1. Let me check something: with ligands and nucleic acids excluded, how do W214, W361, W103 order by accessible area (1.4 Å probe), largest to smallest?
2. Leaving ligands and nucleic acids out of the surface, order Y73, Y190, Y513 by accessible area at 1.4 Å, largest first.
3. Multiply the residue gap between V138 and K372 by 0.36 nm, knock off their C-alpha separation, and tell me the result in nm, one decimal place.
4. Give me the distance in nm between label points sitting 7 Å out from Cα along the Cα-to-Cβ direction at E173 and S235, one decimal.
5. To the nearest 0.05, how large is the calculated FRET efficiency for R328 and K275 if R₀ is 30 Å and r is the Cβ-Cβ distance?
6. On average, how much accessible surface per residue is there in the chain, in Å², for a 1.4 Å probe, leaving out ligands, DNA and RNA?
7. Determine how large the accessible area of Y475 is when every protein chain is in place; take a 1.4 Å probe and give Å² rounded to the nearest 10.
8. What FRET efficiency would be calculated for the residue pair R162, E421, taking the C-beta separation as r and a Förster radius of 30 Å, to the nearest 0.05?
Amino acid sequence: MPPSLSCLMIRATVEKGAFAKALHDYKTIVLSRGTSLDHQTIAYVLETCKNALDLMTASTMHARIVKSGFGSYPSVLSSLVTVYLSCDCFDVAYKVFDEIPDWGFNLVSANLILASLFKNGEFHNASKVFRRMPGKDVVSWNTMIMGCVRNARPKEAISALRHGEQVHHLMAEKEIKLNSILSSALIDMYSKCGSIASAKKVFDSVPRDNVSVWNAMITGFAIHGLVSNVLETFSQMENEAVSPDAITFVGILTACSHCGMVEQGRKFFVLMRTKYSIEPELEHYGAMVDLLGRAGHLDEAYSTITSIPMNPDLVMWRALLSASRTHRMTDYAKLAIEKMSHLESGDYVLLSNTYTSTKRWDHAERVRELMKKKKIRKKSGLSWAELGGGIHQFRAGDRLHFYSKAIYMVLEGLMRRIKMEGYVPTMDLALVDVTEEEKEGNLSCHSEKLATAFVILKTSPGTEIRVSKNLRTCYDCHCWMKVVSKVLNRVIIMRDRIRFHRFEGGSCSCNDYW
């Protein structure tokens, strides 16, 4: 059947990108005159609603689609889903998606739906969509793996790993051939979810003629602080005649930064330009500032910021601020704050903590008062642990968890045992001038300690403990984790905002440098 006149008019307007006029034409020609809908008109109107983010018209069209008998057309339902996703109506989008019969799945549309759900953080629904898809192509698999990677934030990292492992196993069952894109995505996913051994296993089993595969492995080792593995992989890369790119050197410099290897970092920073003709970008300069600052070379870090050929970004100044707190350099902390165009709560807290670490209580209090005046609240420290398929969240001093009483009993018992092993609470980390007993009480209730105690309570001896935190772990919790891993003879893997820590036998993979 030839398209109607109304369809042709709307189509012409949509193709010109005049979405507002297309909607006007639809309302005046179709709605006001009671013109019956045809399949093509529906398609163009829904496309217009998606681009114009017109949820009201889309909802009206949805009702007319059902009344006109087009509610069972898979292509129409798929278009409706994409419109609702564009308008952030995820619940409605998923309900409509559920109405699409399996036989009517359009792979291209399904992949778009999958990508949209991941993009908007709808991890659970995206996983359901993926499982429902009767057919999957390379785009489907890659979207799913990258979704796991993107959702490997502190809270979601544990469940993202579980989903990622399921996808990987399913790919093996279906004998899906791993190209460089899928290989890189799998390595990246395993690394960011804390399973670096699985990432290395994938790396060792796939073709490595593409630089992206090497970059994924080098970056994975870097976020785990395994600098020797990074350097070994880079050497292997050179031996196999794969040329590095800018991303390769970001990974290498990051690894050097996490391990305090200043001379190695300087060497690679020069090497990228002299041997490989790669001009340093903002990320490379930022990694160098972080490397120098962490190692206590604040003069050189500041000099690097002020001498780069582009405008320094917030990340650089924040790296200098963090280094100032670590090395108790209040002058550089003040300077970094003054140079930052947009301050977050953590920046004020770092400045306040820098003053506190040098016992300048009055300066620290002024920063706190400024935060109150500007109504800036400190970001809460949160930690998570997975048990029985569920994610359990803890905050410092948390007493609301169902097992709270038992968790604190485990903490008290652990504290007695680890003190016998030589653990001493780091009192100077308390942020206010209070009594020693209060300081120790505050430290013992940090969120990562509560999460760890919960897993110890609910699992059998020998089980690997995995926890995640949204902030950088403090020195005291780091010492605590080391001694607990030794006393209980258990591996503890903790992901904080900066990197992964693997505690085993009383030591940490970061070698106490993070």
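The values are calculated or read from the model by the stated rules, or taken from the named source; none is laboratory data. Nothing here was measured: the structure is a model prediction, and the numbers come from that model. In this analysis, Cβ positions are derived from the backbone assuming ideal geometry, glycine residues included, and neighbour counts consider all displayed protein chains. Just so you know, the surface numbers come from the protein's heavy atoms only, side chains and all, with ligands and any DNA or RNA stripped out. Shrake-Rupley method; radii C 1.70, N 1.55, O 1.52, S 1.80 Å.
1. W103, W361, W214
2. Y73, Y513, Y190
3. Fully extending the segment from V138 to K372 adds 79.1 nm.
4. According to this spin-label approximation, the distance is 4.2 nm.
5. The value I calculate is 0.20.
6. Per residue, the chain has 48 Å² of solvent-accessible surface.
7. Rounded to the nearest 10, the figure is 120 Å².
8. After rounding, the FRET efficiency stands at 0.35.
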